[in-house]
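Trainee: Here's a structure for you.
Rule-based calculations on the coordinates, nothing more; no lab input. Everything numeric in this text was worked out from a predicted model, so none of it was measured. Here the Cβ positions follow ideal geometry from the backbone for every residue, glycine too, while neighbour counts run over all protein chains shown.
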Amino acid sequence: MANSERGTFKVKSGLAEMLKGGVIMDVTNREQAMIAEKAGAVAVMALERVPSDIRKAGGVARMADPRKVKEIMQAVSIPVMAKVRIGHFVEAQVLEALEVDYIDESEVLTPADDQFHIDKWAFRIPFVCGARDLGEALRRIAEGAAMIRTKGEPGTGNVVEAVRHLRTVNSQIRRLVATPDAELPDLAKELGAPLSLVQEVKVLGRLPVVNFSAGGVASPADAALMMQLGADGIFVGSGIFKSSDPAAMANAVVRATLHYQDAQIIAEVSENIGESMPGLEMKTLQAEDRMQERGY
Amino acid sequence: MRIGILSIQGDVREHERMFQRLGLESARIRQPEDLVGLSGLVIPGGESTTIGLLMQEYGLIDAIKEKTRSGNFPIWGTCAGLILLAKEVLGPSPARLGLVDITADRNAWGRQVSSFEADIAIAALGSPPYPGVFIRAPRIKRLGQKVTALASYRDQIVMAESGPYLVTAFHPELTDDLRVHQYFAQKVEAYWRG
């Protein structure tokens, strides 16, 4: 190593390690960012609109206005993340120029490239990417992602897809760990992932980077459910600021995530926190409205 | 001898792995009652605002301070842990223990884009230099009279010691170099044996 080196994979994935066991909340202005920080969020995601409003608005969803991102960065001392469209490396260059702490290459926004994701090795800022299964997670890590989140179905307030994706990744890891070394090349082909990363997962018994759960958490019990299923932490999008009492919901979700194995505490924090966001049943979503299908 | 790792959030697993490699027993600390029977405590990296807030809410700040009253309960803070042990903090100031007479400057090297790795000379650990991992790291702006600097980087103090307390602005738990964990474990053992 030279005397000092910035933007190494270790400092990129290391920041995600520091967020483990915490809750990252979507916010759209400085007031919301301050509510999130005060509730104990470990980071905020700066957005123009939360996913459920992006669904309602329709049309093309893009990176947030830089002024909005700066306003949120000035309001809080915790790390600030922001989203770019899949494949839109110039939006990522803009966020790097603004010095956000993490970039989310996200299916919540309208994809800009239907073939290639961003070459994330080209940036000093770390990236988090969504995945529905192990192959997708490892492809993103191969492109330089330093953190993974299972996708779920954003903006629905329905945890079923988040559960499906986390269970899928975990059961594929268990199968991989039990696969003899000689059969790993074939498994790598089946997963569509580089053999070196498949081998690394076998040694570690988990993904080589932190894996949070996203896309549908709308109550303290939802957050604890994802933690008990093995998530390293929680992203809550619309679930906080589309509930009837955001400050109370934010507080409760943070405490349920910390004490995810203690049903007594989850019961206590779930009391009197108003209504969760109205949810969507998956069957009512048209195929083209399923954000999780974006990316490959 | 058992070392506790404060487990509100952050890189708890990484500290656990290091003590495991040293053949030492560690325990996750979430509630005041978990402190019983501990010989020392590590406050890991994480978000100091979040950890401080939840420590206070669950009575851990008072319980840990009570435990240190005898003056022989070693505590080591890495990064966020350094901030939570600092007597004074520049910038937004989280709830904390304030046991070490230093002034910490939060995120003083800049945002994540400025996070870095650098080799650090630490005389107490001998050679080779230690692989320092600095992530949105704090600096120590002021050292109290009873606090000893153990390492500096670019004229900034990044590791210090005061009686039973140890603080590092960097993350030894993210490396494969066991020397800082070993250093703290020896400290814990010395106090434990009395």
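Trainee: Pull up the DSSP beta bridges for segment B:60-194 and report the antiparallel fraction as a percent, rounded to 5.
Mentor: In segment B:60-194, approximately 70 percent of DSSP beta bridges are antiparallel ones.
Trainee: Specify the residue with the greatest mean-square fluctuation among A:Ser196, A:Ser106, A:Ser52, computed from a Gaussian network of chain A linking alpha-carbon atoms under 10 Å apart.
Mentor: Taking springs between Cα atoms under 10 Å, the residue moving most is A:Ser196.
Trainee: Can you tell me the length gained on complete extension of the stretch A:Ala122 to A:Leu195, counting 0.36 nm per residue apart and subtracting the Cα distance?
Mentor: 24.1 nm
Trainee: A follow-up question, please. Using a 10 Å cut-off around each Cβ, can you sort B:Trp109, B:Trp76, B:Trp192 from fewest to most neighbouring Cβ atoms?
Mentor: Arranged by neighbour count, lowest to highest, B:Trp109, B:Trp76, B:Trp192 become B:Trp192, B:Trp109, B:Trp76.
Trainee: Let me ask something else. Taking θ as phi - 60°, what are the ³J(HN,Hα) couplings along segment A:93-98 by the Karplus curve (6.51, -1.76, 1.60), each to the nearest whole Hz, with x for Gly and Pro?
Mentor: Computed from phi, the couplings for segment A:93-98 are 4, 5, 5, 5, 5, 6 Hz.
Trainee: Please arrange A:Ile54, B:Ile43, A:Ile24 by how many other C-beta atoms lie within 10 Å of their C-beta, fewest to most.
Mentor: Least crowded to most crowded, the residues run A:Ile54, A:Ile24, B:Ile43.
Trainee: A further question on this structure: Return the long-range amide H neighbours of A:Asp104 (sequence gap of 5 or more, or a different chain), with a cut-off of under 5 Å between placed amide H atoms.
Mentor: Amide H to amide H, under 5 Å and 5 or more residues apart or across chains, A:Asp104 pairs with A:Ala82, A:Lys83, A:Val84, A:Val128.
Trainee: Among B:Glu57, A:Glu190, what is the fewest-to-most ranking by other Cβ atoms within 10 Å?
Mentor: A:Glu190, B:Glu57
Trainee: Taking a virtual spin label 7 Å from the Cα of B:Thr148 along the C-beta vector, which residues in segment B:100-135 bring their backbone nitrogen under 18 Å of it?
Mentor: Under 18 Å, as judged by backbone N against the label point of B:Thr148, lie B:100-102, B:121-127 of segment B:100-135.
Trainee: May I pose another question? Percent of alpha carbon pairs in the protein assembly as shown separated by more than 38 Å?
Mentor: 22 percent
Trainee: Suppose R0 equals 22 Å. What FRET efficiency, 1/(1 + (r/R0)^6) with r the Cβ-Cβ distance, do B:Asn72 and B:Val36 give to the nearest 0.05?
Mentor: Here the calculated transfer efficiency is 0.90.
Trainee: By the scheme Lys and Arg +1, Asp and Glu -1, what is the net charge of all other residues having a beta-carbon under 10 Å from that of B:Ile157?
Mentor: +2
Trainee: Over 10 Å intervals from 0, what percent of Cα-Cα pairs in segment A:170-233 sits in each interval?
Mentor: 20, 42, 25, 12, 1
Trainee: With an 8 Å cut-off on Cα pairs and a minimum separation of 6 or more residues, tell me the relative contact order of chain B in percent.
Mentor: 19 percent
Trainee: Please provide three numbers in whole Å: the alpha-carbon extents of segment A:1-127 along the principal axes, with the largest listed first.
Mentor: That gives 50, 40, 26 Å along the principal axes, largest extent first.
Trainee: Okay, next question. Collect residues whose amide H, placed 1.01 Å from N in the peptide plane, falls under 5 Å from the amide H of B:Arg2; neighbours closer than 5 in sequence don't count.
Mentor: Amide H neighbours of B:Arg2, under 5 Å, 5+ apart: B:Ser39, B:Gly40.
Trainee: Give me Rg/Rg_expected for segment A:53-152, where Rg uses Cα atoms only and Rg_expected = 2.2 N^0.38 Å with N residues.
Mentor: That works out to 1.05 for segment A:53-152.
Trainee: Further, regarding this structure: Can you tell me the length gained on complete extension of the stretch A:Val160 to A:Asp53, counting 0.36 nm per residue apart and subtracting the Cα distance?
Mentor: Computed gain between A:Val160 and A:Asp53 is 36.5 nm.
Trainee: Something else: Of A:Lys56/A:Lys83; A:Lys38/A:Lys242; A:Lys120/A:Lys202; A:Lys12/B:Lys87; A:Lys38/A:Lys68; A:Lys38/B:Lys67, which ones are farther than 26 Å apart at the Cα?
Mentor: The answer is A:Lys12/B:Lys87; A:Lys38/B:Lys67.
Trainee: Given just the C-alpha atoms of segment B:12-127, how large is their convex hull per residue in cubic angstrom?
Mentor: Given the Cα convex hull of segment B:12-127, per-residue volume reads 139 Å³.
Trainee: While we're on this one: Can you give the local net charge around B:Asp177? Use residues other than it whose beta-carbon is closer than 15 angstrom to its beta-carbon, Lys and Arg +1, Asp and Glu -1.
Mentor: Residues near B:Asp177 contribute -1 overall.
Trainee: So what's the gap between the Cα centers of segment A:124-171 and segment A:11-45, to the nearest angstrom?
Mentor: Result: 18 Å between the Cα centres.
Trainee: Tell me the net charge near B:Ala124. Cut-off is 13 Å between Cβ atoms, B:Ala124 excluded, with +1 for each Lys or Arg and -1 for each Asp or Glu.
Mentor: Net of charged neighbours comes to +1.
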